[in-house]
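Report on the following structure.
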Amino acid sequence: MEGRAAAARPRVRGGKEVVLRAAIANFTERGFHGTSMRDIARDAEVTVASIYHHYPSKQEILAEIMAKTLSDVIASTRQALMAAGSSPADQLQAVVRAWIQFHTTRQAEALIGASELRSLESAGRRLVVTLRDEQESLFRDIVERGVEMGEFATRYPREAARAVINMGRSVASWYRIGGDTTPDQMSERYAELALAIVRGPAPGVGSTEHPAAAPHRPDVATTG
C-alpha cells in the first residue's frame, strides 16, 4: 500500500529552486501573464504535476520570487548600512552601492520586482508592498537624518529618497554584464549621483536656500 501511494505521487526532480529559476527566466522573457505552467515545467525539466507539489498556483510562484528578491536586497542594504560610518553621506553611499550591485548582478529578479507588482493578488501583494515600504524607509531615514544634521540640503527628502531608489532600480533594465562598466564601477558612479540629489541646488540657484545650506546669521547685516 505504501509503495503504491509513493509511486502515485509526482516525481520531483529538481525541487523548488529549479522551478523558481525556470519561472524567473520565463517571467523575464514573456511576462507573468504570458507564461504558462507548462513553460515553467518545460524549462525546469519537471512535470506540471511536480510544480503543483510545491506551489498551488502560478500566483504563489510569483509572490515567492518577489518576496525573496526584496528580502535579499533589504538584507544587503541593511548590512551595508551597519558597516558604514555614522555620517549620513557615508551611509547613503554605502546603501546605494549595495542597491546598484543587486540591480546589476540580479537583473532578472529586479526586473520582475519592478514590473509585476500589478500582477500580484491579495496576500502576496500585501506582503510585497510591505517589503517595498520597508526598503524605502531605510533610504528615507538616512536622507531625513542627513537633512536634520545639515549634511544634505534637499528641501524634499521623501522625494529625494524615492528618486535615488528609482534611479538605481532603472539600471536593471539596461545594464549589461560584460560591458564597459563593471558592477563595482557602476555602484560608485551612482553613489556619487545619489549625493548630488540629496545635497540639493547650489546656493543661489533656484528658489530659497535650505536652512541647512545657508544657516541664519543674525549678526551679519544685509545691504539693499
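Quick notes on this one:
Quick grid of which residues meet (1) over 22 Å from R126 (Cβ atoms); (2) aliphatic (A, V, I, L, M); (3) open to solvent by 20 Å² or more (accessible area, probe 1.4 Å):
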residue: A23; (1), (2), (3): no, yes, no
residue: T28; (1), (2), (3): yes, no, yes
residue: T35; (1), (2), (3): yes, no, no
residue: D39; (1), (2), (3): yes, no, yes
residue: R42; (1), (2), (3): yes, no, yes
residue: T47; (1), (2), (3): yes, no, yes
residue: S50; (1), (2), (3): yes, no, no
residue: K58; (1), (2), (3): no, no, yes
residue: I61; (1), (2), (3): no, yes, no
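- For segment 23-67, residues that are in contact (Cβ under 8 Å) with a residue 24 or more places away in the chain and part of a helix (DSSP H, G or I) total 22.
- Residues within segment 41-62 that are touching a Lys or Arg at 6+ places or on another chain (Cβ under 8 Å) and hydrophobic (A, V, I, L, M, F, W, C), tallied: 3
- A search for C-beta distances below 8 Å between a residue of segment 132-154 that is under 15 Å from V164 (Cα atoms) and any residue that is of a type in the set (F, W, Y) and open to solvent by less than 70 Å² (accessible area, probe 1.4 Å), counting only pairs 6+ apart in sequence or on different chains, returns V143/F152; G146/F152.
- Residues located in segment 152-178, provided they are open to solvent by 90 Å² or more (accessible area, probe 1.4 Å) and either outside any helix (DSSP H, G or I) or touching a Phe, Trp or Tyr at 6+ places or on another chain (Cβ under 7 Å) (or both): R155, Y156, W174, R176, I177
- The condition of being touching a helix residue (DSSP H, G or I) at 6+ places or on another chain (Cβ under 9 Å) and not in a helix (DSSP H, G or I) holds for only one of T77, T181, that being T181.
- Residues of segment 141-151 satisfying the condition of being outside any helix (DSSP H, G or I) and surrounded by 15 or more Cβ atoms within 10 Å (Cβ to Cβ): E151
- Of residues in segment 120-140 being of a type outside the set (A, V, I, L, M) and over 16 Å from the mean Cα position of the chain (by Cα), the one surrounded by the fewest Cβ atoms within 10 Å (Cβ to Cβ): S122
- Of all residues in segment 63-99 being hydroxyl-bearing (S, T, Y) and open to solvent by 20 Å² or more (accessible area, probe 1.4 Å), the one that is farthest from I142 (Cα to Cα): S71
- Test result for G204, at positive phi, within 32 Å of the chain's Cα centre (by Cα), at pLDDT below 95 and surrounded by fewer than 17 Cβ atoms within 10 Å (Cβ to Cβ): no
The values are calculated or read from the model by the stated rules, or taken from the named source; none is laboratory data. As the structure is a computational prediction, the values presented were derived from the model and not from experiment. A quick note on method: Cβ atoms are made from the backbone with ideal geometry, for glycine too, and the neighbour counts reach across all protein chains shown. Side chains are part of the model used for accessible areas, which takes the heavy atoms of the whole protein and leaves out ligands, DNA and RNA. Shrake-Rupley method; radii C 1.70, N 1.55, O 1.52, S 1.80 Å.
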